[in-house]
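The values are calculated or read from the model by the stated rules, or taken from the named source; none is laboratory data. Here the structure is a predicted model, which is why all the values come from computation and not from measurement. Cβ atoms come from the backbone with ideal geometry, glycine included; neighbour counts cover every protein chain shown. Calculation scope for accessible area: heavy atoms of the full protein, side chains included, ligands and nucleic acids excluded. Shrake-Rupley method; radii C 1.70, N 1.55, O 1.52, S 1.80 Å.
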Amino acid sequence: MVVISRGAFLKAAAATVAATILAGCSTGSNDESTSNSSVESGPYTVKHAFGETTFDSVPQKIAVVQFWQNPDALLSLGVVPVGAPIVSWGGNDNQSTPWFDKKLEELGGEQPTRYDETDGPNYEELAKLEPDAIFSPYGDMSQEIYDKLTEIAPVVPAPEGVGSWAASWQQTVEMAGKMLKKEDDAKKVIEDTEKQLKDKAAEYENLQGATFIAGAFDNKQNTFGAYTSSDARPRFFSLMGMELAPYIKEHEGGADSFFVNVSAEVIDQLEADAVWAWTETEEDIQKTKDNKLFAQMPALKNDAVVFESDKTFGLALSATSPLSLLWAVNETDVLDNMSKAVENTKKAA
């Protein structure tokens, strides 16, 4: 078993999934969540992982570094970006996402100008926007990056005590609320989202208390990479009322790890009622099923593995936000498929 750090994995994946910048926003919209957006003027401070940031007034143009979670958090609070990074992995024809576009339409906002941040923060494009603030609770923030960004505008990074790639979608929304002086709205967004997700999950009684594993098969290395409880995907299934399989809990190694490699030799120990497995192509699914070593996994024997190769859905569960999660449960068959997988395990018992 090998534990891979979150930073190392995501940096390696950067060539595939572009980390980008979302820039500029205006707080005006027709969304009801902005009904209490009028706040008293005057200096206020937001505490965070790199210290604290003081604002003289609520920022009106907010540039966002890293498109995972961050832009959706602002949009969920009625803040419409005027600039955003290209969503090159899992994106649509607008170089955006379907959940972002749906909320944008509800707010009556205009599609933001798109630009690339494959190699990290695009300082030049950020500076052109002349933002009032830079928002990036989720992402690969370092002291060096933070210092460079502060030369452009005040920065709101991860919360106190939270490292790179570690902020939950709830924490990202909370930080947006603090920056915009909309803490009550942020709390309501989180509560409403969690309630809608739980209500949807309650429609599937057999998911409640069922064990799961989320990860990916590697046919070249003959390993299964299982996401730990600190990753967004297990967090999602746990919110649906499911329980992370005991083997993963015992071997996840610590809060800073999010990915555990399990060799094929011990894959028969990965007991779970259902397994959600990411795969790059449809062809890989058949390769996995034909792999005699992987065949020892109980879930494969029981036809209880849910394979997923849709990149947009993969992004929705990776770059989790109030917008992406509700899109996932309402616009895809993920819960149907997991429910069928649990039923197949019960039938095989």
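In region 153-177, what residues are among the β-branched types (Val, Ile, Thr), farther than 17 Å from residue 75 by Cβ and at pLDDT 95 or above? Explain how you work it out, then say what you get.
Quick first cut of region 153-177, residues among the β-branched types (Val, Ile, Thr) only: 155-156, 162, 172-173.
Still in the list and also farther than 17 Å from residue 75 by Cβ: 155, 162.
Scanning region 153-177 gives a single hit, 155.
What residue, of 340, 311, is surrounded by fewer than 23 Cβ atoms within 10 Å (Cβ to Cβ), under 26 Å from residue 86 (Cβ atoms) and basic (Lys, Arg)?
Answer to the selection: 311.
Between a first residue in region 166-192 that is open to solvent by 40 Å² or more (accessible area, probe 1.4 Å) and a second residue that is modelled with pLDDT of 95 or more and assigned to a helix (DSSP H, G or I), which pairs have beta carbons less than 6 Å apart while being 6 or more apart in sequence or on different chains?
170/190; 174/186; 183/177
If residue 91 satisfies every condition in (1) open to solvent by less than 10 Å² (accessible area, probe 1.4 Å); (2) farther than 20 Å from residue 172 by Cα; (3) of a type outside the set (A, V, I, L, M) but one, which is the exception?
So the condition that residue 91 fails would be (1).
From the list 241, 314, 253, which one is on the phi > 0 side of the Ramachandran plot and either touching a strand residue (DSSP E or B) at 6+ places or on another chain (Cβ under 6 Å) or part of a helix (DSSP H, G or I) (or both)? It would help to see each step written out before you state the result.
Working: 241 fails: either touching a strand residue (DSSP E or B) at 6+ places or on another chain (Cβ under 6 Å) or part of a helix (DSSP H, G or I) (or both); 314 fails: on the phi > 0 side of the Ramachandran plot.
Going through 241, 314, 253 in turn, the sole match is 253.
For region 278-297, enumerate the residues that are outside any loop (DSSP other than H, G, I, E, B) and in contact (Cβ under 8 Å) with a residue 40 or more places away in the chain.
Going residue by residue through region 278-297, those that are outside any loop (DSSP other than H, G, I, E, B) are 278, 282-290, 294-296.
If the condition is that a residue be outside any loop (DSSP other than H, G, I, E, B) and in contact (Cβ under 8 Å) with a residue 40 or more places away in the chain, then 278, 284, 287, 288, 294 are the ones that fit.
Is it true that some residue in region 115-132 is outside any loop (DSSP other than H, G, I, E, B) and under 20 Å from residue 172 (Cβ atoms)? Give the derivation first.
Pass one, region 115-132, residues outside any loop (DSSP other than H, G, I, E, B): 115, 123-129.
From what's left, under 20 Å from residue 172 (Cβ atoms): 126.
For region 115-132, residues outside any loop (DSSP other than H, G, I, E, B) and under 20 Å from residue 172 (Cβ atoms): present.
Just the residues that are more than 20 Å from residue 137 (Cα to Cα) and modelled with pLDDT of 90 or more, please, taken from region 35-50. Can you show your working first?
Initially, region 35-50 is screened for residues more than 20 Å from residue 137 (Cα to Cα), giving 35-43.
Within region 35-50, 43 is the sole residue that qualifies.
Open to solvent by 30 Å² or more (accessible area, probe 1.4 Å), at pLDDT below 95 and among the charged types (D, E, K, R): is that true of residue 271 in this structure? Step through it out loud before you land on a result.
Working: open to solvent by 30 Å² or more (accessible area, probe 1.4 Å): yes; at pLDDT below 95: no; among the charged types (D, E, K, R): yes.
It is false that residue 271 is open to solvent by 30 Å² or more (accessible area, probe 1.4 Å), at pLDDT below 95 and among the charged types (D, E, K, R).
Answer with yes or no whether residue 53 is open to solvent by less than 30 Å² (accessible area, probe 1.4 Å), at pLDDT 95 or above and among the polar types (S, T, N, Q). Give the derivation first.
Numbers: open to solvent by less than 30 Å² (accessible area, probe 1.4 Å): yes; at pLDDT 95 or above: yes; among the polar types (S, T, N, Q): yes.
Yes; evaluated as a whole, the condition is true for this residue.
Return yes or no: is residue 110 under 21 Å from the mean Cα position of the chain (by Cα), more than 30 Å from residue 280 (Cβ to Cβ) and part of a loop (DSSP other than H, G, I, E, B)? Lay out the reasoning, then the answer.
Details: under 21 Å from the mean Cα position of the chain (by Cα): no; more than 30 Å from residue 280 (Cβ to Cβ): yes; part of a loop (DSSP other than H, G, I, E, B): yes.
Against the criterion (under 21 Å from the mean Cα position of the chain (by Cα), more than 30 Å from residue 280 (Cβ to Cβ) and part of a loop (DSSP other than H, G, I, E, B)), residue 110 does not qualify.
For region 193-206, give me each residue that is of a type outside the set (S, T, N, Q), in contact (Cβ under 8 Å) with a residue 40 or more places away in the chain and open to solvent by 90 Å² or more (accessible area, probe 1.4 Å). Before the answer, list the steps.
In the first step, residues of region 193-206 are kept if they are of a type outside the set (S, T, N, Q); the result is 194-195, 197-205.
Next, only the ones that are in contact (Cβ under 8 Å) with a residue 40 or more places away in the chain stay: 194, 197-198, 200-201, 203-204.
Matches in region 193-206: 198, 203.
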